[in-house]
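The values are calculated or read from the model by the stated rules, or taken from the named source; none is laboratory data. Small disclaimer: the values here were computed from a predicted structure and weren't measured. Every residue, glycine as well, gets a Cβ built from its backbone with ideal geometry; the counts of neighbours run over all protein chains shown. Quick note on the areas: whole protein, heavy atoms, side chains included, nothing else; ligands and nucleic acids left out. Shrake-Rupley method; radii C 1.70, N 1.55, O 1.52, S 1.80 Å.
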Amino acid sequence: MKHLLGLKDTSKEEIENILETARGMQVILDSNIKKAPHLNGKSIVTLFYENSTRTRLSFELASKYLSSASANISASSSSVAKGETLLDTGRTIQRMGTDVIIIRHPMAGAPHLLAKHLNCSIVNAGDGMNEHPTQALLDMYTMLRHKGTLQGLKVVITGDVLHSRVARSNIWGLTKMGAEVVVNGPATMMPVAIEDMGARVEPNIKHAVKDADVIMGLRIQLERQKSGLFPTIREYSKFFSVNEETLSYAAKDCLIMHPGPVNRGVEMTSMLIDGDSSVIEEQVTSGVAVRMAILYILTR
Amino acid sequence: MVFKNIRYVSVNEDKVMDIHLDDGSDKVVDAKNLVAIPGLVDMHCHLRDPGYEYKEDIASGVKAAAKGGFVKIACMPNTKPVIDNSAVVSYIRKKAESLKSVKVYPIGAITKNIEGKELAEIGDMKAHGAVAISDDGNPVMSSSLMKKAMIYAHSFDMPVISHCEDKDLAEDGSMNEGFVSTVLGLRGIPKAAEEAMVAREIILAEYTGLPVHIAHVSTRLAVHMIRDAKKRGVKVTCETCHHYFTLTDETVYGFNTYAKVNPPLREKEDVEAIIEGLKDGTIDAIATDHAPHHEDEKKIEFQLAANGISGFETAFGLSYTYLVRAGHLSLGELVDKMSIRPLEILKIKDEGVNLTIFDPNVKFVVEPEKFVSKGKNSPFGGFELFGEVMYTVVDGRIVYTSDKVKG
Ligand SMILES: [Zn+2]
């Protein structure tokens, strides 16, 4: 693999390889001396045009645990503000001997633009509403750890599917791995033709979660209410929040997941977030293992 | 100059003849493999001059139009300054006339600075040679102002051209809303954004009893509504562009900014409806919407990239290949849409000898990097087409000769 731009164009075999490699990385992560030589002599730069603490830190630690040189650029403090084009910024970073650029950008296709014109490897850390492949991979990795297989799992993704790159990457990845994906949320937040991507739309949350093995909440941006996508937070949580009652319709050992950060009480109740079914904190650890695996595979 | 044994095709004519040009040359061309048609007329293009000469200027635009076989072109007013007064109209006409090539007809703005607030000096622009009015790219959102524009313009016999897009429904979309926009995570522009305004313009035309011309029709429902309106006797005419019957939104895959255009490329059912509309006469004309841009405006994030396709140099080849050779239209019908109807709609007199002479049989490959237009922005690179223009004749003078027939 040269780049990781999205799971749409990643094969089942490549996904399996990443998930398998992540298992080995988890051993390093769980050990006392979190230092391995896999990325020794490599240079990795995160280029973030959007604020994100957790994804960025996760990538940074992943590259440091594997002994690479790493640096971070954020849009606010770089030449981006002076109007430099994305390609010029990318070329400059590449010229400094960078092997991998990890980019997060508010616009779909930004990582693809870099990949097309640069020689170094590009990792998409989230581009607009398009994809967030490392998130979906860490989600699948977490599911795999608990369920042993992804084949035949019923995964319900609920919330603002329209604006969600996490949902898109999960739909591509999970369906390739043989899981069933059901999406739920306000009808105004369902992208057109989403079913042609392989997910089934179920507008009623109780029907959606029936016998589900995994329920994944998506972060809702509270400002979306202003653009007429839903009336009030109150009504949103009344009809779309995942709570104890919702969970009772799911399979017995259903996992509760969320890419974070969570709006407690909106997307799901605190009792679920902190409850026994929740693997939300574990997802964070998985994120580091999966990102270590991806960086290793791309630089090998 | 003489074209010996050339096939001449017009709407109701198809014959082999010799064409004599009174251009002082005594050259005789054996033209038995070429076809001559009445010169192409483009009723919708962007020449970018004044203001955006780094994208195109009148000289480079005219050169590209000549290469594309056009003898007359009408340019849209979204320049800087906007063509919203007689001075800019005169500037463009004078600059174009000095080139002694393709004739350029400015289209004035409906409203001052294309802001949709106050009417521009429509009468004065007409007096200085503007042939129509349009707020292309930034449609008049106020229905009452549009109604007044139609009434006022009609009193000066000025055609009104509407770029139909309900900006509110389009929100900040950057491609057609559909499966492809969902897959790419790009915000979609619903077809309804175009259709809602087509409906409004039809209603205004029916209500006032006055004509309106719909620019670059791209959706199935828009074609249906215009067809129905015409049946009722509404004075609505319309055009489409070559990209709307040759490409779908799937061209955007890979975040291909060359496929970013407004209205956006639609879906298969729309392409089929456009072809159907061309066949049954619902769609009167084919325009290029030639919209040249600098490379830097396309080699960026899709959402930020400029809308538009550099179209002069591919429009005829695509139309000939995808409509005539594909069996949808006769060559005579294509002549109607690309040469005759645009003149009628814009009420431009057809004087002198204006011809487009092309090779119908030899395949050519589209190479955008070799365009003479400054805008190399085309999604048609690598397309293999028929109908390459060999000569363009304006007022009895050859203004373009292909390298392939030179020497
Ligand atoms: Zn337009």
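Annotations for the structure displayed:
- Centroid-to-centroid separation of region A:80-140 and region B:282-356 [C-alpha atoms, Å]: 37
- In summary, the lysines within cross-link reach of A:K2, defined as a Cα separation below 19 angstrom excluding same-chain residues under 8 places away, comprise A:K12, A:K42, A:K116.
- Normalised alpha carbon radius of gyration of region A:133-280 [divisor 2.2 N^0.38 Å]: 0.94
- Separation of alpha-carbon centers, region B:359-394 and region A:197-214, rounded to whole Å: 51
- Summarising the amide proton neighbourhood of B:H44: residues at separation of 5 or more, or on other chains, whose placed amide H is nearer than 5 Å comprise B:A74, B:T288, B:D289.
- Exposure of B:I300 as accessible area (Å², to 10), given a probe of 1.4 Å and all protein chains: 30
- Atom-type composition of the exposed protein surface of region A:133-280 places 51 percent of the accessible area on carbon and sulfur (1.4 angstrom probe).
- Among beta bridges from DSSP that stay inside the protein assembly as shown, the antiparallel ones total about 30%.
- For region B:19-36, Karplus couplings with θ = phi - 60° (6.51, -1.76, 1.60), whole Hz, Gly/Pro x: 10, 9, 9, 8, 10, x, 9, 9, 5, 10, 9, 6, 10, 5, 9, 10, 10, 10
- Per-residue Karplus couplings for region B:100-114, computed as 6.51 cos²θ - 1.76 cosθ + 1.60 with θ equal to phi - 60°, are listed in order as 6, 9, 4, 7, 10, 10, x, 9, x, 6, 6, 10, 4, 6, 6 Hz, Gly and Pro entered as x.
- Chain A - percent relative contact order, Cα under 8 Å, separation 6 or more: 20
- A:R23-B:K268 FRET efficiency (beta carbon distance; Förster radius 41 Å; 0.05 resolution): 0.40
- Accessible area per residue in Å² at 1.4 Å probe, computed on the protein assembly as shown: 39
- Computed FRET value (nearest 0.05) for B:V16 with A:K147, which takes r as the C-beta separation and R₀ as 60 Å: 0.20
- A loss of 50 Å² or more of accessible area (1.4 Å probe, protein heavy atoms, ligands and nucleic acids excluded) relative to the isolated chain is seen in these residues of region B:160-193: B:F179, B:T182, B:V183, B:G185, B:R187.
- Label sites at A:R234 and A:D9, each approximated as a point 7 angstrom past Cα along Cα to Cβ, lie 4.8 nm apart.
- Over chain B: Kirkwood hydrodynamic radius from C-alpha pairwise inverse distances, Å: 21.1
- Distance histogram for the protein assembly as shown (every C-alpha pair counted, 10 angstrom bins, percent rounded to whole numbers): 3, 14, 21, 20, 16, 13, 8, 3, 1, 0
- Against the rule of thumb 2.2 N^0.38 Å, how large the Cα Rg of chain A comes out: 0.98
- B versus A: buried accessible surface, summed, Å² (probe 1.4 Å, to nearest 100): 1700
- Cα centroid separation - region B:139-202 against region A:1-67, whole Å: 46
- Take each residue of peptide B:300-307, count the partner chain Cβ atoms within 10 Å of its Cβ, and average: the result is 5.
- By accessible area with a 1.4 Å probe, ligands and nucleic acids excluded, highest first: order of B:Y152, B:Y320, B:Y52: B:Y152, B:Y52, B:Y320
- Only Cα pairs under 8 Å and 6+ residues apart enter the sum, and on that basis the relative contact order of chain B stands at 19 percent.
- Distance between the 7 Å Cα→Cβ label points at A:K34 and B:T401: 7.6 nm.
- Backbone geometry of region B:329-340 corresponds, through the Karplus equation with coefficients 6.51, -1.76 and 1.60 at θ = phi - 60°, to 3J(HN,Hα) couplings of 10, 7, 4, x, 5, 5, 4, 4, 7, 10, 10, 8 Hz, x marking Gly and Pro.
- The mean sequence distance of close C-alpha pairs (under 8 Å, at least 6 residues apart), as a share of the length of region A:133-280, puts its relative contact order at 23 percent.
- Rounded to whole Å, the principal axis extents of the Cα atoms in region B:67-195 read 50, 40, 22, largest first.
- The Rg/Rh ratio for region B:277-391, using Cα coordinates for both the radius of gyration and the Kirkwood hydrodynamic radius, is 1.00.
- Computing FRET efficiency as 1/(1 + (r/R0)^6) for A:R264 and A:N72, where r is the C-beta to C-beta distance and R0 is 22 Å, gives about 0.15.
- Take B:104-116, B:220-232 and order them by the average number of nearby Cβ atoms within 10 Å per residue, most first; the result is B:104-116, B:220-232.
- Rolled with a 1.4 Å probe across the full set of protein chains, the surface gives B:Y54 an accessible area near 110 Å².
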